[in-house]
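Taking it in order: structure first as structure tokens, then the write-up.
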Amino acid sequence: MDGLGGALERAATDGDVVDGWLRGLAGNQVLPVEVLARLLEFDELPASSLWLRSRTLDTAATELLVASPEVQHRLDVTENATADVEVLARLAQDPEPQVRLVYAVMLFEYKRRIPAGVLEILAEDPNPKIRRIVGEREKPPAAVQEPPIVLTADQRVAHPDPAVRMKAAADPEVPTVLALRLAQDPENDVRLAVSMREELTEEQRTVIPCTVWQHLWSPPSWIARQAPDPEAARRIARSAHVGLRRVLAAQPHLAPDVVALLAADEDEWVRRTLAERCEDAPHELLVELYATVQDRYWSGYRRHRNFARPGLARFAEDPNPRLRQAALDDPEAGPELVLRLADDPEVGGWAVRDPRLPADELLRRLTLPAHALAAAGNPALPVAIMHLLLDLARAH
């Protein structure tokens, strides 16, 4: 420890290293509460307190933040979805009105279990905004009187408002023969709604000219109803109508052969929807999209339950940095692979955060400006070292 302590003492004279330690510890998800308490004392932490709102909090950490004299800490804990609801309930009587207000809002936003007595306390809050929030949420919904249907199917189909025609086009209660009158409607969304009716044949769908948008905000419910039936799902997966295939790909579970059909679909958004929405999306598709997608969602494929698989280590030398990063998700990869990637200029930060990194290398990299942040964020970092880093940061 003397050798390490001396190396860390020397490294602590570098402001960039110390800043990396503090920011790395702030992002470390396994901080004991006593380390978190010490970390909160530093003014040099990142200006954004997103790290407090996004980290996992146990009961002790929730209690620490709820009792903090810093208003911002108490505000942050109200927005943490993992915080203990019983401890959070103390914020209903917080001396700071803004804390009580945000707590009241987030109480309903996260649909948390509401401890007994909390609503009664908030309903009598001196702040009228808080009383209004609780009153509006607790007020029983007024009886809704459905207006009588005054338009016939013919009138709806011929209505000048395209929104009315679009609803008629998708309504199974409107006879098919009437709905098909809208197949040449001047509005694309009306024609699209007609083309996705359940009872149409492939031939009828094909002749309706329409553009299928990337996302369908009102997908027809009949596809979700038929998706559990493998035969019906196969029929939809083979449809020439790309909108039907995209909606099918968004279903949470599908038969393996249906998944295979959609994973090989020629339409990019069928494949992407499958990977983003279906829990059964295949590993190979997820890796392909992770490596090639150019918009901001590309990293999300790595979080799919089917992404991490043995064999990903084969990408450790791939020219694509995303695939070299994916190699770290191989559950059978050992410390050697992690150590090799730790010096990769593009994915080294991920490797240094990997708990499989050899312990001596993890500690050595705490002294390097380029790796201090990632090393301090490694969940395998010993608690004693966390305290030592804070001691040195405070001293310098």
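Highest-first packing order for the peptide set 111-117, 51-57 is 51-57, 111-117, based on the mean count of other beta carbon atoms within 10 Å.
Expressed as a whole percent, the accessible area of the chain that falls on carbon and sulfur atoms is 54 (1.4 Å probe).
Given R₀ = 51 Å, what would the calculated FRET efficiency be for ARG131 paired with SER221, taking r from the Cβ atoms and rounding to 0.05?
Approximately 0.85, to the nearest 0.05.
If you bin all the Cα-Cα distances of the stretch 235-387 at 5 Å, starting from zero, the percentages per bin are 2, 10, 17, 16, 15, 12, 9, 8, 5, 4, 2, 1, 0. Temperature 37 °C, viscosity 0.692 mPa s: under these conditions the Stokes-Einstein estimate for the stretch 305-394, based on its Kirkwood radius over C-alpha pairs, is 243 µm² per second. Computed as a quarter of the hull surface, the mean projected area of the alpha carbon convex hull for the stretch 242-300 stands at 3.6 nm². Calculate for the chain the 222 nm mean residue ellipticity that helices alone would give, adding -39,500 (n - 2.57) per DSSP H run of length 4 or more and normalising by residue count, nearest 500 deg cm²/dmol. The helix-only estimate for the chain comes to -14000 deg cm²/dmol at 222 nm. Computed over the stretch 155-200, the Cα gyration tensor eigenvalues convert (square root of 5λ each) into semi-axes of 14, 11, 8 Å, ordered from largest to smallest. Given R0 = 41 Å, the distance between the Cβ atoms of SER54 and THR206 translates into a calculated FRET efficiency of 0.30. Any chance you could check the Cα centroid distance between the stretch 293-367 and the stretch 1-75 for me, in angstrom? For the stretch 293-367 versus the stretch 1-75, the Cα centre distance is 25 Å. Less than 20 Å from a label point 7 Å out along the Cα-to-Cβ axis of ALA81: which backbone N atoms in the stretch 293-329 qualify, by residue? So the set is 296-307. Based on alpha-carbon atoms, the Kirkwood radius and the radius of gyration of the stretch 25-97 give Rg/Rh equal to 0.92.
For ASN320 and GLU268, FRET efficiency with R0 = 22 Å and r from the beta-carbon atoms, rounded to 0.05? It comes out at approximately 0.75.
Among the GluC sites (Glu not before Pro) found in the stretch 293-364, those both in a DSSP coil and sparsely packed, with 14 or fewer other Cβ atoms within 10 Å of their Cβ, are GLU317, GLU332, GLU346. Taking the Cα atoms of the chain, the ratio Rg/Rh between the radius of gyration and the Kirkwood radius comes to 1.09. Residue by residue, the stretch 271-287 carries 3J(HN,Hα) couplings of 5, 5, 5, 4, 5, 8, 10, 9, 5, 9, 4, x, 3, 4, 5, 4, 5 Hz when phi is fed to the Karplus relation 6.51 cos²θ - 1.76 cosθ + 1.60 (θ = phi - 60°); x denotes Gly or Pro.
The values are calculated or read from the model by the stated rules, or taken from the named source; none is laboratory data. Since this is a predicted model, take the numbers as computed values, not measurements. As a convention, Cβ positions derive from the backbone with ideal geometry for all residues, glycine included, and neighbour counts pool all protein chains shown. These accessible areas exclude ligands, DNA and RNA; they are computed on the full protein's heavy atoms, side chains included. Shrake-Rupley method; radii C 1.70, N 1.55, O 1.52, S 1.80 Å.
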